[in-house]
Amino acid sequence: MSDLVCDISLNTKLTPEQREKYQNGKEIQELLRTARTIAIVGLSTEKTKASNMVGSYLKDRGFTIVPVHPKADEILGEKAYPNLDSIPFPVDIVDIFRPANEVPAIVDEAIKIGAKAIWMQLRIINFGAAEAARAAGLVAVVDKCIKMEHGRYGGMLHWAGMNTEVISAQRRKM
């Protein structure tokens, strides 16, 4: 990944101050550069759901994904766990695909297991939970898609037709 950082606010409801705090590009790049294990809370068994697509993408990019789903035994070929507390190994990022009102309990579990960061996907906003995570020493990302951010900083979304605002001198291969 490059060291390039740019601001893409998309249609976020966050203020500029909140974006700086919870969508900090340098912090996000560091997380994506150092994380290896990502627990995905709410990873769906349905291939057409966003969480499943994100999990598949992250797995294809070399991350160890850990499905957290109370009713599934396996998702995307990986053993699923009913909650974060039942995962028997360290987790770097807890990626959250659950409604905002469920986030505080998930953050409490993330703190308990010693995760390094919590990541609330697009349109999932709970500032109280984000502050609790930060107070416990975790990085808190709010209202961002981990797949889009990884692709953007890795330069991989441009070829899919999305304007990532990452500038490249690389000529497109035909």
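Just so you know, all these numbers are worked out from the coordinates, no wet-lab data involved. Bear in mind the structure is a predicted one, so any value in this text is a computation, not a measurement. Neighbour counts run over all protein chains shown; Cβ positions are idealised from the backbone, glycine included.
Side notes on the structure shown:
- Considered as a group, the residues in region 82-105 that are out of contact with any Gly (no Cβ under 9 Å at 6 or more places or on another chain) and touching a residue at least 40 places away in the same chain (Cβ under 8 Å) include one that is surrounded by the fewest Cβ atoms within 10 Å (Cβ to Cβ), and that residue is Phe89.
- When residues of region 52-110 are limited to those that are hydrophobic (A, V, I, L, M, F, W, C) and over 16 Å from the mean Cα position of the chain (by Cα), the one nearest to Leu122 (Cα to Cα): Ala105
- Among the candidates Pro88, Pro82, Pro67, residue that is in contact with a Lys or Arg (Cβ under 9 Å, 6 or more places away or on another chain) and farther than 17 Å from Ile146 by Cα: Pro82
- Top-ranked residue of region 111-123 - restricted to ones that are over 15 Å from Ile146 (Cα atoms) and free of Cβ contacts under 8 Å to residues at least 40 places away in the same chain, ranked as surrounded by the most Cβ atoms within 10 Å (Cβ to Cβ): Ile111
- Across region 61-68, not a single residue is classified as hydroxyl-bearing (Ser, Thr, Tyr) and without any contact (Cβ under 8 Å) to a residue 12 or more places away in the chain.
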